[in-house]
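Take a look at the structure set out below.
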Amino acid sequence: MNQEIIGRDRVYEEVKSAISSALGVDQASILAASVLTRDLGAESLDFLDISYHLEQTFGFKMARHFVLEHAEEMFGEGKAIDENGCLTPEAVKLLRLRFDGDPDFLMPGMDMDEVVHLVTVDSLVNNVLDILDSLPETCPACGHGMWKTEDGSHILCGSCGAAASYKSGDDLVIGWLKRVQEKERLF
């Protein structure tokens, strides 16, 4: 369901808040196109802090594993990341699909640790919106479809008051990989 209860602007502000809190940077310096590592100085543990903040704010679970880790689990070890920890040609194609474009630095044979430079503020916003859009049409507790928010970030059933349930970020990545595999036959 493409929910319209929590909009992109609200999500963007919360993502900026999470980044500001985790990295100690002024929110005014955080732009949609900012790369978390290169532009804002994020390190690997910072991603956990940012994810935790967003999970607490919206009441869902962000992905625990990166798309390439899921690809390796689904399609076999060595399919996305070779024995040297480098990207395969299929992994590059997959990442270009996932990150909507043709990042010029992506190439087969590059170290997978460099992939983190794809994560922008806008890609985080898109991830949050994807999870929010997994809101079911109706409340699993009472069957009504009267979703609302009182605080601007947590969606509740307007009928019984139950908290919304969402697919996890990992479930959404796995579903996306299955659809890509059916369409593109990368692996």
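At-a-glance table
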{"read-out": "Residue match in the range 86-100 (condition: in contact with a strand residue (DSSP E or B) (Cβ under 8 Å, 6 or more places away or on another chain) and in contact (Cβ under 8 Å) with a residue 40 or more places away in the chain)", "value": "no"}
{"read-out": "Residue count, the range 110-136 (criterion: assigned to a loop (DSSP other than H, G, I, E, B) and out of contact with any Cys (no Cβ under 8 Å at 6 or more places or on another chain))", "value": "5"}
{"read-out": "Pick from the range 55-92, criterion polar (S, T, N, Q) and either farther than 28 Å from residue 18 by Cβ or in a loop (DSSP other than H, G, I, E, B) (or both), ranking: most open to solvent (accessible area, probe 1.4 Å)", "value": "84"}
{"read-out": "Lone qualifier among 152, 175 - being at positive phi and open to solvent by less than 50 Å² (accessible area, probe 1.4 Å)", "value": "152"}
{"read-out": "So residue 180, is it touching a residue at least 40 places away in the same chain (Cβ under 8 Å) and under 28 Å from residue 56 (Cα atoms)", "value": "no"}
{"read-out": "Number of the exception - residue 98 against (1) among the charged types (D, E, K, R); (2) crowded, with 17+ Cβ neighbours inside 10 Å; (3) farther than 21 Å from residue 179 by Cβ", "value": "(3)"}
{"read-out": "Total residues in the range 137-171, condition farther than 21 Å from residue 12 by Cβ, in a loop (DSSP other than H, G, I, E, B) and small (Gly, Ala, Ser)", "value": "9"}
{"read-out": "Pair list, Cβ < 7 Å and 6+ apart or interchain, from the range 1-29 residues that are more than 15 Å from residue 134 (Cα to Cα) to residues that are among the acidic types (Asp, Glu)", "value": "20/26; 22/46; 22/49; 23/46"}
{"read-out": "Selection count, the range 20-54, where residues are part of a helix (DSSP H, G or I), surrounded by 15 or more Cβ atoms within 10 Å (Cβ to Cβ) and of a type in the set (A, V, I, L, M)", "value": "4"}
{"read-out": "Of residues in the range 101-121 being surrounded by fewer than 17 Cβ atoms within 10 Å (Cβ to Cβ) and within 28 Å of residue 13 (Cβ to Cβ), the one modelled with the lowest pLDDT", "value": "101"}
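The values are calculated or read from the model by the stated rules, or taken from the named source; none is laboratory data. Here the structure is a predicted model, which means the values were calculated and not measured. Positions of Cβ are generated from backbone atoms using ideal geometry, with glycine treated the same way; all protein chains shown enter the neighbour counts. Ligands, DNA and RNA are stripped out before the accessible areas are found, and what is left, the full protein with its side chains, is counted by its heavy atoms. Shrake-Rupley method; radii C 1.70, N 1.55, O 1.52, S 1.80 Å.
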